[in-house]
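Take a look at the structure below.
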Amino acid sequence: MFDQYIVCGLRARGRSGGEVEVRMPYYRGLFLSMVEAVDLVLDGVPVPPERTTFTVHGNTYTFAELPGVTGDRWEMGERAVLGFDTGEPLAPGEHDVAVSVRLRISYMPVPGGGRDRKRLVAA
């Protein structure tokens with residue numbers, strides 16, 4: 001439903017990797033424990049979840065921590081930051097960014113979420 005709005009921006013970060021701004025593909029906010037995964041594929045190469053972090057309104061978590069985070073939420077329309085480490089600097093110029101978000105929604109018998117893919121220039 002909101003898939004086309006998931007990927008919002010890309011920027012280089014330090015000596016290796018970068019950050020992708022993402023929005024939730026769901027019409028309500030959810031506790032972070034209900035965010036099953038946010039998978040990133042950069043220029044056709046999947047970035048392992050253990051090399052990514054998830055930051056929402058200043059609080060940063062690993063994906064291993066998210067199942068236990070019941071006191072923090074990702075609200076509809078709020079931009080979260082998916083930090084990633086590729087082991088090398090993010091090259092300047094255009095990049096193909098694909099993000100898949102899986103959400104656990106209490107009243108849905110199957111996982112919710114969405115996918116988005118954009119060509120972005122790293123800021």
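The values are calculated or read from the model by the stated rules, or taken from the named source; none is laboratory data. Remember, it's a predicted structure, so these values are computed and weren't measured experimentally. For neighbour counting, all protein chains shown are included, and Cβ atoms are generated from backbone atoms with ideal geometry for every residue, glycine included. Please note that ligands, DNA and RNA were not included when accessible areas were found on the heavy atoms of the full protein model with its side chains. Shrake-Rupley method; radii C 1.70, N 1.55, O 1.52, S 1.80 Å.
Hey, could you check segment 107-123 for residues that are more than 17 Å from Cys8 (Cα to Cα) and without any contact (Cβ under 8 Å) to a residue 40 or more places away in the chain and say which is least open to solvent (accessible area, probe 1.4 Å)? Per the stated criteria, the residue is Met108.
Checked against the criterion of being acidic (Asp, Glu) and either touching a Cys at 6+ places or on another chain (Cβ under 8 Å) or closer than 17 Å to Ile6 by Cβ (or both), segment 57-74 has no qualifying residue.
What are the residues in segment 1-34 that are in contact (Cβ under 8 Å) with a residue 60 or more places away in the chain, touching a Lys or Arg at 6+ places or on another chain (Cβ under 8 Å), open to solvent by less than 20 Å² (accessible area, probe 1.4 Å) and hydrophobic (A, V, I, L, M, F, W, C), if any? If the condition is that a residue be in contact (Cβ under 8 Å) with a residue 60 or more places away in the chain, touching a Lys or Arg at 6+ places or on another chain (Cβ under 8 Å), open to solvent by less than 20 Å² (accessible area, probe 1.4 Å) and hydrophobic (A, V, I, L, M, F, W, C), then Ile6, Val7, Val22, Leu30 are the ones that fit.
On the stretch given as segment 3-15, residues that are within 18 Å of Phe54 (Cβ to Cβ) and either in contact with a Cys (Cβ under 9 Å, 6 or more places away or on another chain) or part of a loop (DSSP other than H, G, I, E, B) (or both) total 3.
Across segment 61-104, the number of residues qualifying as open to solvent by 80 Å² or more (accessible area, probe 1.4 Å) and β-branched (Val, Ile, Thr) comes to 1.
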